Amino acid sequence: MDGKPQGLTEQQKQWFASVRANLERETGKTLEQWVEIVRCECPETRPKARNDWLKATYGIGQNRAATIFGVAFPAEMGWDDADGLRAALWTDPASAAVLEALEAAMADLPGVVTGQRKGYTAWSRKSQFAAAKPLKGGGVALGLALTPEASPRLAEPRNETWSERLKAKLVVASPAEVDMALKALLKTAWDRS
């Protein structure tokens, strides 16, 4: 693992393909019809506002909306622009230094896939086992596929946008906090993925 976003695991690729393949069966409209609808009708220009509009107007959830908007507005940064998403997210040098320390801590874990999302960086093997997002003023919020009982450093996450598998969270204020104990937590979460 070189720390550079690699995209999606095979399982994640299959899941997204199924979202696309089942869109017509589950919504009654083809992807092309949805693209036409959002291009012609959606008054919003910001991604979150577009998602909210599509959900409020047609009941379309976030994953289907991402599929539709990815085709309707391909020039905008999407999940397939991992480098652009990463550059836009990790602008704070202190947070970026923590991210690099986390990536170094996972460098020896085999089969790790780094996935970049708009609001966080995720790590998966078969399924997501960790995610990190920068915090204002430096530091990183790290979510792990563990329970808070696994360590006194862990707490229950609140209102996070990463995978619901990540049931524990901690704040990593500096690269020095990526210590042996945190590396062991990352390994345990990786083992469970």
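The values are calculated or read from the model by the stated rules, or taken from the named source; none is laboratory data. Nothing here was measured: the structure is a model prediction, and the numbers come from that model. Using ideal geometry, Cβ is built from the backbone for each residue, glycine included, and neighbour counts are taken over all protein chains shown. These accessible areas exclude ligands, DNA and RNA; they are computed on the full protein's heavy atoms, side chains included. Shrake-Rupley method; radii C 1.70, N 1.55, O 1.52, S 1.80 Å.
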>> Restricting to the stretch 14-25, name every residue that is without any contact (Cβ under 8 Å) to a residue 12 or more places away in the chain and not polar (S, T, N, Q).
In response: TRP15, ALA17, ALA21, GLU24, ARG25
> Would the stretch 56-63 turn up any residue that is at pLDDT below 95, of a type in the set (Val, Ile, Thr) and surrounded by 16 or more Cβ atoms within 10 Å (Cβ to Cβ)?
Replying inline: yes
> From the set of residues in the stretch 115-160 that are open to solvent by 60 Å² or more (accessible area, probe 1.4 Å) and either over 17 Å from LEU182 (Cα atoms) or of a type in the set (Lys, Arg) (or both), which is modelled with the lowest pLDDT?
Replying inline: LYS118
> So which residues in the stretch 161-176 are of a type outside the set (Ser, Thr, Tyr) and open to solvent by 40 Å² or more (accessible area, probe 1.4 Å), if there are any at all?
Replying inline: GLU164, ARG165, LYS167, LYS169, VAL171, ALA173, PRO175, ALA176
> Is it the case that the stretch 39-47 has a residue that's open to solvent by less than 90 Å² (accessible area, probe 1.4 Å), closer than 19 Å to VAL19 by Cβ and free of Cβ contacts under 8 Å to residues at least 24 places away in the same chain?
Replying inline: no
>> Just the residues that are in a helix (DSSP H, G or I), touching a strand residue (DSSP E or B) at 6+ places or on another chain (Cβ under 8 Å) and closer than 16 Å to THR161 by Cβ, please, taken from the stretch 87-137.
In response: LEU89
